[in-house]
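**Q** Structure below; questions to follow.
The values are calculated or read from the model by the stated rules, or taken from the named source; none is laboratory data. Since the structure is predicted, the reported quantities are computational estimates derived from the model, not experimental observations. Ideal geometry is used to build each Cβ from the backbone, glycine not excepted, and the neighbour counts take in all protein chains shown.
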Amino acid sequence: MKASPSDQAQVLDIQKMDFHVATLRNKVAALPEIVELLAATQRQAVVRDLAIAAQTQINDIKRELIRSESDVEQVVVRLQKDEKRLADGATAAKELEKLQHEVQTLSSRRAELEEVELEIMMRMDSVKDRLNELTAEAEQLVAKVAEAEGRKSVATSAIEAEIATVISERQATVAGVDGALVELYEKIRSGTGTGAAALREGRCDGCHLAINSVELGRMKTLASDEVVRCEECRCILVRGAH
Ligand SMILES: [Zn+2]
């Protein structure tokens with residue numbers, strides 16, 4: 001293939017712009033906000049699960065508390081009944097003894113049950129505290145995600161604008177270059193990522209390998225409008241580039 005040295009030099013410019021665009025796209029993909037957002041959204045999922053577990057626990061403890069309160073209530077009712085009978089005093093001595101014994105038993109049962117109730121209430125408080133902490137963390141995470149999304153969007157827009165500028169420069173350059181040469185360039189680039197490179201000090205600037213002396217000698221005899229390819233990476237090798 002033949003192409004003017006100027007067109008070959010332009011293809012090298014197009015390659016530089018394509019590298020630039022690729023670098024910018026990598027920059028978008030590697031924004032620190034992406035890692036930050038991933039960590040925050042993963043934590044959000046964990047916090048959500050923990051909050052659901054805490055709420056379930058609260059519901060269970062609530063049922064436990066209702067049972068415990070009714071246990072206490074039952075003992076209290078019996079105790080009040082017995083105490084009233086004792087206060088009335090209209091009982092035989094033998095029965096009185098039995099009644100006093102029952103009051104004692106019920107009183108210590110009541111103390112036991114109230115202790116159980118207290119323990120349940122303390123457990124409830126501790127789970128409620130945990131749920132409050134999780135709710136606060138969930139709110140913080142929502143703010144954190146929104147803030148990181150904002151930063152990511154600003155950074156992305158800036159880079160996208162830069163990419164758009166390079167792409168329009170590239171379009172303008174492509175418009176002035178022989179179509180067949182651009183087509184060849186695109187074909188090679190789609191395979192290896194590098195479609196054109198400069199020949200510098202006997203080396204291909206694309207694959208960085210030295211061109212063997214026989215090939216180098218042959219290239220020197222070719223007219224400057226002859227399109228030369230690197231034998232190693234197959235890219236368009238642009239001679240006389242600076
Ligand atoms: Zn090469």
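**Q** With the requirement that a residue be surrounded by fewer than 14 Cβ atoms within 10 Å (Cβ to Cβ) and either touching an Asp or Glu at 6+ places or on another chain (Cβ under 9 Å) or not charged (D, E, K, R) (or both), what does the stretch 75-90 give you?
**A** The answer is Val77, Gln80, Ala87, Gly89, Ala90.
**Q** For Lys187, only one of the following conditions fails: (1) within 30 Å of Ala53 (Cβ to Cβ); (2) outside the structural domain of Glu36 (by TED's automatic domain parsing); (3) of a type outside the set (A, V, I, L, M, F, W, C). What is its number?
**A** For Lys187, the failing item is (1).
**Q** Can you tell me which residue among Lys152, Lys94, Lys84, Lys98 is among the charged types (D, E, K, R) and modelled with pLDDT of 95 or more? Working first, answer last.
**A** Numbers: Lys94 fails: modelled with pLDDT of 95 or more; Lys84 fails: modelled with pLDDT of 95 or more; Lys98 fails: modelled with pLDDT of 95 or more.
That would be Lys152, the only listed residue that is among the charged types (D, E, K, R) and modelled with pLDDT of 95 or more.
**Q** With the requirement that a residue be within 10 Å of the ligand (Cβ to nearest atom) and aliphatic (A, V, I, L, M), what does the stretch 172-195 give you?
**A** Our first condition is that a residue be within 10 Å of the ligand (Cβ to nearest atom); within the stretch 172-195, this holds for 192, 194.
Within the stretch 172-195, none qualify.
**Q** Out of the residues in the stretch 1-33 meeting the condition of being out of contact with any helix residue (DSSP H, G or I) (no Cβ under 7 Å at 6 or more places or on another chain), of a type in the set (A, V, I, L, M) and part of a helix (DSSP H, G or I), tell me which one is nearest to Leu134 (Cα to Cα).
**A** So, considering only residues that are out of contact with any helix residue (DSSP H, G or I) (no Cβ under 7 Å at 6 or more places or on another chain), of a type in the set (A, V, I, L, M) and part of a helix (DSSP H, G or I), the one nearest to Leu134 (Cα to Cα) is Ala29.
**Q** Tell me the residue from Ala172, Ala164, Ala136, Ala143 that is part of a helix (DSSP H, G or I), within 22 Å of Asn26 (Cα to Cα) and at pLDDT 95 or above, please.
**A** Numbers: Ala172 fails: within 22 Å of Asn26 (Cα to Cα); Ala136 fails: within 22 Å of Asn26 (Cα to Cα); Ala143 fails: within 22 Å of Asn26 (Cα to Cα).
Just one listed residue meets the conditions, Ala164.
**Q** Could you please tell me which pairs satisfy a Cβ distance under 9 Å, a separation of 6+ or placement on different chains, a first residue in the stretch 61-90 that is in the same structural domain as Asp125 (by TED's automatic domain parsing), and a second residue that is of a type in the set (Gly, Ala, Ser)?
**A** Val75/Ser107; Leu79/Ser107
**Q** Mind telling me which of the residues Lys152, Lys187 ends up being part of a helix (DSSP H, G or I), charged (D, E, K, R) and free of Cβ contacts under 8 Å to residues at least 12 places away in the same chain? Don't jump to the end; show me each part of the working.
**A** Numbers: Lys152 fails: free of Cβ contacts under 8 Å to residues at least 12 places away in the same chain.
Exactly one of Lys152, Lys187 is part of a helix (DSSP H, G or I), charged (D, E, K, R) and free of Cβ contacts under 8 Å to residues at least 12 places away in the same chain, namely Lys187.
**Q** Okay, next question. So, of the residues in the stretch 97-120 that are among the aliphatic types (A, V, I, L, M) and exposed (fewer than 14 other Cβ atoms within 10 Å of the Cβ), which turns out to be nearest to Gln80 (Cα to Cα)?
**A** Residues of the stretch 97-120 that are among the aliphatic types (A, V, I, L, M), as a first pass: 99, 103, 106, 111, 113, 116, 118, 120.
In the following step, the residues that additionally are exposed (fewer than 14 other Cβ atoms within 10 Å of the Cβ) were identified as 111, 118.
Values: Ala111: 15, Leu118: 21 Å.
Selected residue: Ala111.
**Q** Please verify whether the stretch 183-192 includes one or more residues that are at pLDDT below 95, loosely packed, with under 14 Cβ neighbours inside 10 Å and not polar (S, T, N, Q).
**A** Yes, because at least one residue in the stretch 183-192 is at pLDDT below 95, loosely packed, with under 14 Cβ neighbours inside 10 Å and not polar (S, T, N, Q).
**Q** Kindly indicate whether Ala223 is within 11 Å of the ligand (Cβ to nearest atom) and among the small types (Gly, Ala, Ser).
**A** Working: within 11 Å of the ligand (Cβ to nearest atom): no; among the small types (Gly, Ala, Ser): yes.
Here the answer is no, as Ala223 does not meet what is asked.
**Q** On to the next question. Looking at Leu118, Leu216, which one is within 16 Å of the ligand (Cβ to nearest atom), part of a helix (DSSP H, G or I) and at negative phi? Working first, answer last.
**A** Numbers: Leu118 fails: within 16 Å of the ligand (Cβ to nearest atom).
Every option except Leu216 fails the conditions.
**Q** Residues being free of Cβ contacts under 8 Å to residues at least 40 places away in the same chain, surrounded by 12 or more Cβ atoms within 10 Å (Cβ to Cβ) and within 11 Å of the ligand (Cβ to nearest atom): count how many of those fall in the stretch 196-209. Can you show your working first?
**A** Of all residues in the stretch 196-209, those free of Cβ contacts under 8 Å to residues at least 40 places away in the same chain come to 201-209.
In the following step, the residues that additionally are surrounded by 12 or more Cβ atoms within 10 Å (Cβ to Cβ) were identified as 202-207, 209.
Now drop any that are not within 11 Å of the ligand (Cβ to nearest atom), which leaves 203-207, 209.
Final tally of qualifying residues: 6.
**Q** Hey, can you tell me all the residues within the stretch 219-233 that are farther than 14 Å from Met1 by Cα and either touching a residue at least 40 places away in the same chain (Cβ under 8 Å) or outside any loop (DSSP other than H, G, I, E, B) (or both)?
**A** Lys220, Thr221, Cys233
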